[in-house]
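**Q** My structure is below; once you've seen it, I'll send some questions.
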Amino acid sequence: MTGVVEAAGISKWYGEVLGLNGFSASFGPGITGLVGPNGAGKSTLFKLLIGQLHSDQGTLRLLGENPWNNVPVKRRLGYCPEHNTLYGWLTGQQFVEALLRLDGMPRSRAEKAAEDALKLVGLSSAAQRPTRTYSRGMRQRAKLAQALAHRPEILILDEPLSGADPLARVQILRTISDFAKAGGHVLMSTHVLYEIERVTNNIVLINNGKAIAAGDIHSIRALIDEHPHAVRLETPQPRQLAQALARMEHIVSLEIPEEDALLVRTRKPDAFYRELPAIVADTRLEVRSLESPDDSLDAVFRYLVG
């Protein structure tokens with residue numbers, strides 16, 4: 001096993017509910033995104049990695065070690081849980097410092113480490129405010145600060161951008177990227193696929209407790225070449241445009257979902273985009289806008305789980 005995380009046939013039951021179902025994947029160095037819908041098993045996997053849960057089947061390794069009941073390996077990781085449950089009466093400084101003290105760090109060292117971590121996530125100006133006064137984005141950054149404060153080797157971040165405002169998102173993504181550039185490893189889960197694209201191409205897709213694809217996003221796209229790509233065109237003349245586009249040999253289907261729209265499915269999106277301008281110019285038909293869900297990772301996920 002050579003990955004930062006290696007999972008082989010991991011299953012976890014909650015009574016009769018299956019959280020993970022034979023999950024197998026390898027997470028390499030740098031930043032890896034764990035992508036899947038709510039309830040796919042992302043949080044269960046992370047709780048297994050931090051040693052909060054024990055798997056019922058399979059083998060799991062974090063930094064080459066079994067994370068269950070392993071205090072030394074826990075000290076090498078920083079964890080950011082999904083839910084924003086903070087101790088609201090504590091200031092940001094007190095929150096981060098208290099967690100460091102609970103881990104055994106001396107007071108003077110914990111105070112400095114907390115200050116540095118809050119500065120890193122852009123919360124220095126709010127460090128002395130009670131966390132109950134923080135916005136949701138500020139709370140996400142406070143959680144990230146506590147995960148970073150003890151200088152871990154790996155960050156495990158469960159939906160770190162959930163509910164964050166645009167400025168907080170920029171700060172969080174910058175902090176994650178800088179951590180990885182400095183040699184750290186990051187496992188980041190999300191159900192919003194474009195968020196992963198901003199920081200890495202390396203993804204693992206999870207659905208119903210199973211890893212359904214893994215690798216570079218471009219290699220994963222190759223897995224769906226046999227599926228038609230959708231393109232939506234806004235036009236006041238959808239029937240006439242459909243007749244004109246029907247001559248394209250790579251067109252799979254043409255649908256009019258609304259009176260001013262045409263939904264095209266093609267097996268060769270590059271050829272479609274290349275040929276469309278000439279057809280529109282020749283026919284003098286009006287196309288007001290064009291959008292394709294296949295321009296994002298969302299389409300990749302839909303095709304692979306469909």
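**Q** Can you tell which of Ile206, Ile212 is at negative phi, modelled with pLDDT of 80 or more, open to solvent by less than 30 Å² (accessible area, probe 1.4 Å) and among the aliphatic types (A, V, I, L, M)?
**A** When all the criteria are applied, what remains is Ile206.
**Q** While we're looking at this one, here's another question. Taking the criterion of being free of Cβ contacts under 8 Å to residues at least 40 places away in the same chain and within 30 Å of Lys47 (Cα to Cα), would at least one residue in region 217-236 satisfy it?
**A** For region 217-236, residues free of Cβ contacts under 8 Å to residues at least 40 places away in the same chain and within 30 Å of Lys47 (Cα to Cα): present.
**Q** Which numbered condition in (1) part of a helix (DSSP H, G or I); (2) out of contact with any strand residue (DSSP E or B) (no Cβ under 6 Å at 6 or more places or on another chain); (3) under 19 Å from Glu153 (Cα atoms) is the only one that Val73 fails?
**A** Here Val73 clears every test but (2).
**Q** Take Ile196 and tell me if it is under 19 Å from the mean Cα position of the chain (by Cα), part of a strand (DSSP E or B) and not aromatic (Phe, Trp, Tyr).
**A** no
**Q** Moving to a separate point now. Mind listing whichever residues of region 48-69 are under 17 Å from Leu155 (Cβ atoms) and either assigned to a loop (DSSP other than H, G, I, E, B) or among the basic types (Lys, Arg) (or both)?
**A** Selection gives Ile50, Gly51, Gln52, Leu63, Pro67.
**Q** Please go through region 235-281 and pick out each residue that is of a type outside the set (A, V, I, L, M), touching a helix residue (DSSP H, G or I) at 6+ places or on another chain (Cβ under 8 Å), open to solvent by 50 Å² or more (accessible area, probe 1.4 Å) and outside any loop (DSSP other than H, G, I, E, B).
**A** Scanning region 235-281 gives a single hit, Gln240.
**Q** When only residues in region 62-116 that are charged (D, E, K, R) and closer than 29 Å to Gly3 by Cβ count, which is most open to solvent (accessible area, probe 1.4 Å)?
**A** By that ranking, first place goes to Arg75.
**Q** When residues of region 137-194 are filtered for being surrounded by fewer than 18 Cβ atoms within 10 Å (Cβ to Cβ), closer than 20 Å to Lys112 by Cβ and touching a helix residue (DSSP H, G or I) at 6+ places or on another chain (Cβ under 9 Å), how many remain?
**A** Adding up the residues that qualify gives 2.
**Q** Taking the conditions exactly as written (surrounded by 18 or more Cβ atoms within 10 Å (Cβ to Cβ) and without any contact (Cβ under 8 Å) to a residue 40 or more places away in the chain), does Gln52 satisfy them or not?
**A** no
**Q** Still on this structure, please answer the following. Which of (1) surrounded by 15 or more Cβ atoms within 10 Å (Cβ to Cβ); (2) over 30 Å from Asp178 (Cα atoms); (3) modelled with pLDDT under 90 is the odd one out, the single condition Val300 does not satisfy?
**A** Of (1) surrounded by 15 or more Cβ atoms within 10 Å (Cβ to Cβ); (2) over 30 Å from Asp178 (Cα atoms); (3) modelled with pLDDT under 90, only one is false for Val300: (2).
The values are calculated or read from the model by the stated rules, or taken from the named source; none is laboratory data. None of these values were measured; they are calculated from a predicted model. Here Cβ is always computed from backbone atoms with ideal geometry, including for glycine, and neighbour counts include all displayed protein chains. Only protein heavy atoms, including side chains, enter the accessible area calculation; ligands, DNA and RNA are left aside. Shrake-Rupley method; radii C 1.70, N 1.55, O 1.52, S 1.80 Å.
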